[in-house]
1. Which condition does A48 not pass, out of (1) surrounded by 12 or more Cβ atoms within 10 Å (Cβ to Cβ); (2) away from the ligand (no atom under 16 Å from the Cβ); (3) small (G, A, S); (4) without any contact (Cβ under 8 Å) to a residue 60 or more places away in the chain, if it passes all the others?
2. Can you work out which of the residues in the range 97-153 that are aromatic (F, W, Y) and not in a helix (DSSP H, G or I) is surrounded by the most Cβ atoms within 10 Å (Cβ to Cβ)?
3. What is the number of the single condition among (1) without any contact (Cβ under 8 Å) to a residue 40 or more places away in the chain; (2) more than 21 Å from G105 (Cβ to Cβ); (3) among the charged types (D, E, K, R); (4) away from the ligand (no atom under 15 Å from the Cβ) that R151 does not meet?
4. Look through F258, F290 and report the one residue that is within 16 Å of the ligand (Cβ to nearest atom), aromatic (F, W, Y) and either closer than 29 Å to E321 by Cβ or touching a Cys at 6+ places or on another chain (Cβ under 9 Å) (or both).
5. A77 versus (1) within 16 Å of the ligand (Cβ to nearest atom); (2) part of a helix (DSSP H, G or I): which is the lone unmet condition?
6. For the range 200-246, which residues satisfy the criterion of being surrounded by 17 or more Cβ atoms within 10 Å (Cβ to Cβ), more than 12 Å from the ligand (Cβ to nearest atom) and assigned to a loop (DSSP other than H, G, I, E, B)?
7. Please identify the pairs in which a residue from the range 187-202 that is under 17 Å from A218 (Cα atoms) has its Cβ atom under 8 Å from the Cβ atom of a residue that is assigned to a loop (DSSP other than H, G, I, E, B), counting only partners at least 6 apart or on another chain.
8. Just name the residue that is farthest from the ligand (Cβ to nearest atom) out of those in the range 179-199 that are among the polar types (S, T, N, Q) and buried (at least 16 other Cβ atoms within 10 Å of the Cβ).
Amino acid sequence: AQVEHVVPMLSLEKLTPNRRDSKGVAVPMLEQLSQWVERRRKDLELAASAPLTLLVEPKIDGISVSVLYEAGKLRRAVTRGDGRRGDDITRQIKQSRAVPLELRGLSGKLEVRGELYWPRPAFDAYNAQLRAAGHETIANPRNGCAGMVKRKELQGLEDVGIQSFLYSVPWAEGVKLPGTQSQLLAWLAGLGAPVYMERIATAGSASEAIAACGGVGAQRVGLPFDTDGMVIKIDELKYYGILGATGHHPHWGIAYKFPPERKQTQVLGLELGVGKSGKITPVAVLSPVFVAGTTVSRASLHNFVEVARKDIRIGDSVIVEKAGDIIPQIVDVVHDQRPADAQPIERPTLCPACNSEVVVEEIFVHCPNPACPAQRRERMVHFAGRRQMAID
Ligand code: IVH
């Protein structure tokens, strides 16, 4: 069943690592946050000397959930849905035990919000079982978690290992709430709610908040949940009502996205990939390096114009990062570490798979032979793919 949210479940405005202003000049995240804090100070009509404390919390990459408690008992759990109305997942949540069925010593009514997530070890164990039974595995913990909490079959949900962290109370009746977000977290924890207290920090200024975010970013792989950033909130809860919201974002908080992790490595060689329609793509073979959770040993160089623009040569030391934390990319060449025998990457004149003479179209190089074995193989792979014929 669908349930209307008493208070809409919005999303947060974001600070981003690569924002540019109207003239194309990069705006660092600290400047973006300073501007945001200044706007909030104006909205609140704070004197220049008045403090405005910020609270920095990890942003859990899970599924938002709204949970209603009455006289300490879990009455209803609802997904975010479109923000106005979500799906009733009370039975699944009760069965999974992801959220406590009771909050100790609580009278009155309140809604608690937080994030459901599937811890990596439990997710990996579940996938291992699927694999052993010959079933298709689940791509990532976030989508897996969303699927689990909407599952019709309740039996077994308690063994899957879905968990939660709760972090806000949008409304309450007959309950006296603490005055600040940091006190609210401690209060929720005292009632027996799962609250992540380890990496939260208060900050007196934008620069302190950014420093706190960066500090957690450096240790993010050690966190019990996946995260792509932090949430910076105004600590004083009485300001939330004054600050209000747009149709999409509340004005009391903003999200910080971690800059993608970067590592230095070396280009060992070049491979030429031939796509299903003949496009020939240069791919750098790299000395294996661990970036953002996986070992990277190849990176697409996209096209030969890009290779020339970046002046990438075989033997070069390069900086790699994962775009959107998934696809590895070479973002820079360390020119002053170039070995004397570094080899330039030349545009091929013949297809590496069938030796046909290539055709150059704008920035791309193509193999024109429809019977090229590499093209045929790629067309076959595409045809069998999950989104096409889904052949195992
Ligand atoms: S505060 C307006 N605190 O991140 C909603 N959100 O757009 C913000 N999230 O989907 C609520 N960890 O569900 C808040 N510590 C945290 C969070 C958090 C994850 C999610 C939230 C929303 C998205 C922000």
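1. In the conditions (1) surrounded by 12 or more Cβ atoms within 10 Å (Cβ to Cβ); (2) away from the ligand (no atom under 16 Å from the Cβ); (3) small (G, A, S); (4) without any contact (Cβ under 8 Å) to a residue 60 or more places away in the chain, A48 misses (1) alone.
2. Only one residue fits best here, namely W118.
3. Result: R151 fails condition (1) only.
4. Just a single option satisfies the conditions, and that option is F258.
5. Result: A77 fails condition (2) only.
6. D235, L237
7. From residues that are under 17 Å from A218 (Cα atoms), the pairs are R199/Q219; R199/L223.
8. Checking each candidate, the answer is T180.
The values are calculated or read from the model by the stated rules, or taken from the named source; none is laboratory data. Just so it is clear, the structure is predicted and the values come from calculations on it, not from any experiment. Neighbour counts are summed over all protein chains in view; Cβ atoms, including those assigned to glycine, are modelled from backbone coordinates with ideal geometry.
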